1. Would region 281-296 turn up any residue that is open to solvent by 30 Å² or more (accessible area, probe 1.4 Å) and among the aliphatic types (A, V, I, L, M)?
2. Kindly provide the set of residues from region 126-168 that are more than 14 Å from the ligand (Cβ to nearest atom) and surrounded by 24 or more Cβ atoms within 10 Å (Cβ to Cβ), ordered by number.
3. As an exercise: evaluate Tyr370 against (1) over 24 Å from Lys77 (Cβ atoms); (2) loosely packed, with under 14 Cβ neighbours inside 10 Å; (3) not aliphatic (A, V, I, L, M) and give the number of the one condition it does not meet.
4. Restricting to region 205-227, name every residue that is within 20 Å of Asp147 (Cα to Cα) and outside any helix (DSSP H, G or I).
5. Could you grab me the full set of residues in region 236-253 that are over 21 Å from Met411 (Cβ atoms) and crowded, with 22+ Cβ neighbours inside 10 Å?
6. Among the helices (runs of 4 or more DSSP H) confined wholly to region 33-90, which include 2 or more residues that are farther than 17 Å from Thr354 by Cα and not basic (Lys, Arg)?
7. So which residues in region 250-281 are within 15 Å of the ligand (Cβ to nearest atom) and not hydrophobic (A, V, I, L, M, F, W, C)?
8. Please go through region 83-112 and pick out each residue that is without any contact (Cβ under 8 Å) to a residue 40 or more places away in the chain and either within 15 Å of the ligand (Cβ to nearest atom) or open to solvent by less than 40 Å² (accessible area, probe 1.4 Å) (or both).
Amino acid sequence: MAEPNAVSQLADMELNDGTGDQLSKDTSVADDDRVDPWTVVASSEKGIDYDKLIKRFGSSKIDQALLDRFEKVTGHKPHHLMKRGVFFSQREVHRILDRYEAKKPFFLYTGRGPSSGSMHVGHLIPFVFTKWLQEVFDVPLVIQLTDDEKFLWKDLKAEEALRLAKENAKEIISLGFDSEKTFIFSNMEYIGSSPPFYMNMLKIQKCITFNQVKGIFGFTDSDCIGKISFPAIQAAPSFCNSFPQIFGNKKDIPCLIPCAIDQDPYFRMTRDVAPRLGYPKPALIHSTFFPALQGAQTKMSASDPNTSIYLTDTPKQIKNKVNKYAFSGGGASVEEHREKGGNCDVDISYQYLTFLMEDDERLEQIRQDYTSGKLLTGELKKELIVILQKLIGDIQENRKKVTDDVVKDFMRVRKLKYNY
Ligand code: TRP
């Protein structure tokens, strides 16, 4: 696919409607980081310049004021992933908090492209955070499995993509979601059974020109037409009337979408069409990427086993991968490390701890000790290995209980425990 020139061609879409959605004019060409739903590559070893990305995408930073408001409105301390800036960017989360304060409903929407049978730790992050949000707000959650997307983009048989969707559903369920509050669906299965969902896809498709999707996603004349219309499918779950079994005949219940920031192009587009269809715009909360073991220049990728820790890895594999591949910001020798200290900004084991270690004080101690040289790289890696082994061990334990029937239960078209 050609270099997507970000949003330049979107200039002809009217976005300046006072909701902070002013899509910035294209500046990505001069920028070396590349971020779109299919490619994430940073130009520096420190990884993506996320502040620049906020400017380029026209979103807002999650600032202290928002964190304070979150705590005030919900009575919960913000999740460590929010406090530490893993979830760093947002669109209109204030509006969702206003609704929560006014006891008005909203729902959560997130998703997963099932490209491999087993997910890796990076894939977990949005789901861990989404589960926490669901516990805090007690709202319905819809999870879209884009087997169709992976069929179109990858060398995968349609049947295989659907099978992978169900495998992934098992891992997602193993994180502890509640079937009374959560609807998981495969596009291949659900769309054909749901006229309201399909009607929303059509309405969205009718609002967007080829020229616009070229501008947003970088499609070219030689991309198959399935790809060109796919964005409407990822947009449709943002609208509650795509799920009448859950929301009855309501069409004005907005959603909040937790996702990695590479998915934002889909939802900029969704937010643009929403008012024209008479629907509320989705609010968003964006995460940074979970870096590859080799360093923050690329994200963890399911297609390269050595860059990733999988949810199916054994304790031994976890230990070996971290010890062998996790890029170190430590000194070249013990002497040098003791003298000059380590660099947490590029050290992957430390970066992973910021995602996974809940204890703020302990994390801060590790940062200080590693920076001063007191803590060695091997010791730092040990901390990470223990956390990963526990996290993944627990998921594997839970997964044993997720039978095909449990998956069916989550994926059945049904009402959830909420009334509207
Ligand atoms: N396109 C996403 C992927 O490849 C899957 C997805 C669908 C998604 N809907 C979503 C991700 C909503 C986040 C939020 O992984």
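The values are calculated or read from the model by the stated rules, or taken from the named source; none is laboratory data. None of the values given here were measured: they were computed from a predicted structure. Here the Cβ positions follow ideal geometry from the backbone for every residue, glycine too, while neighbour counts run over all protein chains shown. Surface areas here come from the heavy atoms of the whole protein model, side chains and all, with no ligands, DNA or RNA. Shrake-Rupley method; radii C 1.70, N 1.55, O 1.52, S 1.80 Å.
1. Looking for residues that are open to solvent by 30 Å² or more (accessible area, probe 1.4 Å) and among the aliphatic types (A, V, I, L, M), one finds none in region 281-296, hence no.
2. Once the filter is applied, which keeps residues that are more than 14 Å from the ligand (Cβ to nearest atom) and surrounded by 24 or more Cβ atoms within 10 Å (Cβ to Cβ), region 126-168 yields only Pro140.
3. (2)
4. Phe219, Asp223, Cys224
5. Within region 236-253, Ile253 is the sole residue that qualifies.
6. Ranges flagged: 50-57, 64-74.
7. Answer for region 250-281, where residues must be within 15 Å of the ligand (Cβ to nearest atom) and not hydrophobic (A, V, I, L, M, F, W, C): Pro254, Pro258, Asp262, Gln263, Asp264, Pro265, Tyr266, Arg268, Thr270, Arg271, Lys281.
8. Leu97
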